[in-house]
Amino acid sequence: MKQKITYLTAETAQGRAAIEEVMAHAYVADVDSVPSRWARVRLADGVPVSFILVDPHRRLAFPQGDLRYAFVSDVATHHDHRRQGHFR
């Protein structure tokens, strides 16, 4: 049976709580180190299974100017939901 996949961000209390639920069963990351809209949690059938934190403000300095890029700073999957393809 196919799971219903949805995503939330840390912009909402529900999204923040879902990220914290995954962290309680994976590892604790610094959610506040990235903008809240770039902290995302994946829900499978309404259950928080994984999260990703992306830092969108990275820069590489070059003589011609800075190159902006985004960096995946943290990613984790709840230990009960690993090896199910949530971060393939």
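Tabulated values for the structure
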{"read-out": "Residue that is nearest to the chain's Cα centre (by Cα), among those in the stretch 1-22 that are part of a helix (DSSP H, G or I) and within 16 Å of Val72 (Cβ to Cβ)", "value": "Ile19"}
{"read-out": "Residues within the stretch 22-58 that are at positive phi and open to solvent by less than 20 Å² (accessible area, probe 1.4 Å), tallied", "value": "0"}
{"read-out": "Subset of the stretch 5-16 [in contact (Cβ under 8 Å) with a residue 24 or more places away in the chain, open to solvent by 30 Å² or more (accessible area, probe 1.4 Å) and not polar (S, T, N, Q)]", "value": "Ile5, Tyr7, Leu8, Glu11"}
{"read-out": "Some residue of the stretch 59-78 being open to solvent by less than 70 Å² (accessible area, probe 1.4 Å), outside any strand (DSSP E or B), touching a strand residue (DSSP E or B) at 6+ places or on another chain (Cβ under 9 Å) and in contact (Cβ under 8 Å) with a residue 12 or more places away in the chain", "value": "yes"}
{"read-out": "Count - residues of the stretch 35-58 that are assigned to a strand (DSSP E or B) and charged (D, E, K, R)", "value": "4"}
{"read-out": "Conditions (1) out of contact with any Lys or Arg (no Cβ under 9 Å at 6 or more places or on another chain); (2) closer than 15 Å to Ile5 by Cα; (3) buried (at least 19 other Cβ atoms within 10 Å of the Cβ); number of the one not met by Gly85", "value": "(3)"}
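The values are calculated or read from the model by the stated rules, or taken from the named source; none is laboratory data. Fair warning: this is a prediction, and the values are worked out from it, not measured in the lab. Positions of Cβ are generated from backbone atoms using ideal geometry, with glycine treated the same way; all protein chains shown enter the neighbour counts. The area values use the complete protein model at the heavy-atom level, side chains included, leaving out ligands, DNA and RNA. Shrake-Rupley method; radii C 1.70, N 1.55, O 1.52, S 1.80 Å.
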